[in-house]
Amino acid sequence: MKSGASATTLFREAFLYGLSKIIPGVSGLIAVVLFIRLLGAEAFGEYSFLLAQCNLTAALCYGWLNHALLRYHSKDRKAPGFQPAVLGAFSLASLVVVAVSLLIIIVSPVQPVVLGIILLCIWSMACFNLIKTHFQARIQPQRVILLTAVQAGLALLIPVVLIKIFSRTGTSLLIGVTFSFLAVSGWVIFHNIRRWVLTVHSMLSTLKLEGLLTKWLRFGFPISVWFAAGLALPFLDRFFIDRYLSPLELGAYAGLQELLTRFFSLALFPLTMALHPRIMSLWNNAKHAQAISLLKVGLISQLGIFALVIIPALTFEGMLFMGIQFAVPEISARFRPLLIPLLITGFLWQVSFLTHKMLELKERTLLMVVFMAFSLGINVIGNTIFLPSFGVIATAYTAMLSALSYFTLTAGFSTYTLIRKKY
């Protein structure tokens, strides 16, 4: 593949993945504004706290499978027992979730109804993400667009209907989002029911899954821990604010963080989605120089996008915050100092998906976990020491420092590897 053709294909697919993020991204931004307006900042804070727990559990228990499929799909898809192994791995992860839930019931006074909603949300997220990963690994961005667009629309529509019919609570929002994942996943499964039946029969009749599962677990579980740790960072922000400050401050911080995180996810993540399967495919086929070339194109492009965003944001910070206040009046002027640190934090986490790519390629996933643990330590120490004295601004700058530490460590490793290998 020539470099020019690679760049053309890359940006065409980045554009298609961009479409897959535009509708969810815009829908997500609208949802944050609408949900805060309908429920208030306090109830939105409750919802964001519950959703963060679901995301965290889904990432820890199922994320290893998604990452392993993206890494090895081009090599393993023709292996005997590939599809049964995928289903077996998903079933294994589901059993772990159930076991953890039973443990929670024993040690914590969680209402069974609430726990059931959380369990259903976790499973529906996992099922949707596995289906989406399958299409992404097969480099089928059009199907990713369709799935994410429909789910995003339902995630906005269903919660609003439930709020109007039942109660204005964070639990109602979580139920609505859960049904949005279930509806899309159920539609895909229904249209492939015969293939699933054959896969289940094959899995039960052979049960020869050890080879693939062992490899996927060895590679994917550290990344799953890493991904869960990354999701634990905003969860910890909410946990500490909930512990030391008021529900209003929790809701305002969560709303502002969601808006800025979704913005950079919309702006940068499509390029990452387009890069990932191609880089992995090139690397698996020993085309290392071409894989590194694509990685450099992605990094330079994302840095350029950040420059186009941060310079106007610093120059017109007041006007930007006024625009946010116009959309979400519950975020008062005293939260304006959070804007720039949270904006920088959102960018650093997005670009880190590329700076740590060399660790994935070199299968140094345990080192990714070590770097993320360092960032988690900064988050816990910073919030514990400074949040009680300085308020929510301490959480914002702690989040930025945590993201900066991970970005610096992974970029340093990648740079050292590239120099040593002379790519």
Out of all the residues in region 127-168, which are free of Cβ contacts under 8 Å to residues at least 60 places away in the same chain and β-branched (Val, Ile, Thr)? Ile131, Val150, Ile158, Val161, Ile165
Condition first: among the basic types (Lys, Arg), outside any helix (DSSP H, G or I) and closer than 24 Å to Ser352 by Cα. Can you find one or more residues in region 283-295 that meet it? yes
Filter region 186-232 for residues that are among the polar types (S, T, N, Q) and closer than 20 Å to Asn129 by Cα; which is modelled with the lowest pLDDT? Thr199
State the number of residues belonging to region 359-383 that are touching a Leu at 6+ places or on another chain (Cβ under 9 Å) and small (Gly, Ala, Ser). 2
In the set Gly81, Gly40, which member is modelled with pLDDT of 75 or more and at positive phi? Gly40
Only unsatisfied item for Phe166, checking (1) closer than 26 Å to Pro84 by Cα; (2) modelled with pLDDT under 80; (3) surrounded by fewer than 20 Cβ atoms within 10 Å (Cβ to Cβ), is (1)
So Leu266 clears everything in (1) aliphatic (A, V, I, L, M); (2) in contact with a Lys or Arg (Cβ under 8 Å, 6 or more places away or on another chain); (3) modelled with pLDDT of 85 or more except one condition, right? Which one? (3)
Qualifying positions in region 145-171 - closer than 20 Å to Ala41 by Cβ, over 22 Å from the mean Cα position of the chain (by Cα) and part of a helix (DSSP H, G or I): Val160, Leu162, Ile163, Lys164
Just a yes or no: is a residue in region 313-324 among the small types (Gly, Ala, Ser), under 25 Å from the mean Cα position of the chain (by Cα) and over 30 Å from Leu38 (Cβ atoms)? no
Segments classed as helices (runs of 4 or more DSSP H), wholly inside region 319-423, with at least 3 members that are aliphatic (A, V, I, L, M) and over 22 Å from Leu282 (Cα atoms): 339-355, 365-390, 392-421
Among Leu361, Leu342, Leu367, which is closer than 26 Å to Leu314 by Cα and among the hydrophobic types (A, V, I, L, M, F, W, C)? Leu342
Of Ile340, Ile344, Ile300, Ile305, which residue is within 18 Å of Phe264 (Cβ to Cβ) and surrounded by fewer than 13 Cβ atoms within 10 Å (Cβ to Cβ)? Ile300
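The values are calculated or read from the model by the stated rules, or taken from the named source; none is laboratory data. Being a predicted model, the structure only gives us computed values, none of them experimental. Positions of Cβ are generated from backbone atoms using ideal geometry, with glycine treated the same way; all protein chains shown enter the neighbour counts.
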